[in-house]
Amino acid sequence: QVQLVESGGGLVQAGGSLRLACAASGRTLSLYVIGWFRQAPGKEREFVGSINLDSSVTHYVDSVKGRFSISRDSVKNTVYLQMNNLNHEDTAIYYCACRPGVVRLTAREYDYWGQGTQVTVSS
């Protein structure tokens, strides 16, 4: 079993940047596809992006393309979500999740979840 812990959230002004980290323990993240999701107040949890097993392919929701990027650090057993040019609509709790096998875009298809980290973008 793998445990995930997110960090790096906080308050940032519109146009600013944050880098979220998803640190794993228990197993190596190289065995898992990683997905990032977010949930804003009153809204359903939505897919933000994913990275496949060998980091060769990433997917992003249209609203973050060109602004967000996902990467892995196998030595630190950590996956990152770099978020640039943030806007108010990016305000949410951000979660990382993992699953074996291939990339999926829906939350219910991920097996392990972190506790989430709050990102707040001020206008």
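Please treat every number below as a calculation from the coordinates, not as lab data. Bear in mind the structure is a predicted one, so any value in this text is a computation, not a measurement. Every residue, glycine among them, receives a Cβ derived from its backbone with ideal geometry; neighbour counts consider all protein chains shown.
With a cut-off of 8 Å between alpha carbons and a minimum separation of six or more residues, what is the relative contact order of the chain in percent?
Reported relative contact order: 36 percent.
Identify unpaired cysteines across the chain, taking unpaired to mean no other cysteine Cβ lies under 4.7 Å from the residue's Cβ.
Singleton cysteines: CYS98.
³J(HN,Hα) across region 55-62 via Karplus (A = 6.51, B = -1.76, C = 1.60, θ = phi - 60°), whole Hz, x for Gly/Pro?
Each residue's phi maps through the Karplus curve to give 6, 7, 9, 10, 10, 9, 5, 4 Hz.
For the chain, what is Rg from Cα atoms divided by 2.2 N^0.38 Å, rounded to two decimals? List each step's numbers first, then the result.
Values: Rg = 13.3 Å, N = 123, 2.2 N^0.38 = 13.7 Å.
Here the Cα radius of gyration is 0.97 times the empirical estimate.
Report ³J(HN,Hα) in whole Hz for each residue of region 44-54, in order, from the Karplus equation J = 6.51 cos²θ - 1.76 cosθ + 1.60 where θ = phi - 60°; Gly and Pro get x.
Per residue, the Karplus-derived 3J(HN,Hα) values read 6, 5, 10, 5, 10, x, 8, 9, 7, 4, 9 Hz.
Taking the simple approach of a point 7 Å from Cα along Cα-to-Cβ for both GLU89 and VAL2, what is their distance in nm?
About 3.0 nm separates the two model spin labels.
To the nearest 0.05, what FRET efficiency results for ARG27 and GLU109 with a Förster distance of 25 Å applied to their C-beta separation? Don't skip to the answer; put the middle values down first.
Values: r = 18 Å, r/R0 = 0.73.
Once rounded, the FRET efficiency stands at 0.85.
If the chain between GLU44 and SER74 were fully stretched, how many nm would it gain, using 0.36 nm times the residue separation less the Cα-Cα distance?
Extra length available between GLU44 and SER74 comes to 7.7 nm.
Show me the ranking of peptides 95-102, 38-45 by mean Cβ neighbours inside 10 Å, starting with the highest.
Ranked by mean Cβ neighbours within 10 Å, highest first: 95-102, 38-45.
Given a Förster distance of 22 angstrom, what is the FRET efficiency for LYS65 paired with GLN118, based on the Cβ-Cβ distance and rounded to 0.05?
Computed FRET efficiency for LYS65 and GLN118 comes out at 0.45.
Given 0.36 nm per residue, what is the gain on full extension from GLN13 to ASN52 after removing their alpha carbon distance, in nm?
Here the segment from GLN13 to ASN52 would lengthen by 11.0 nm.
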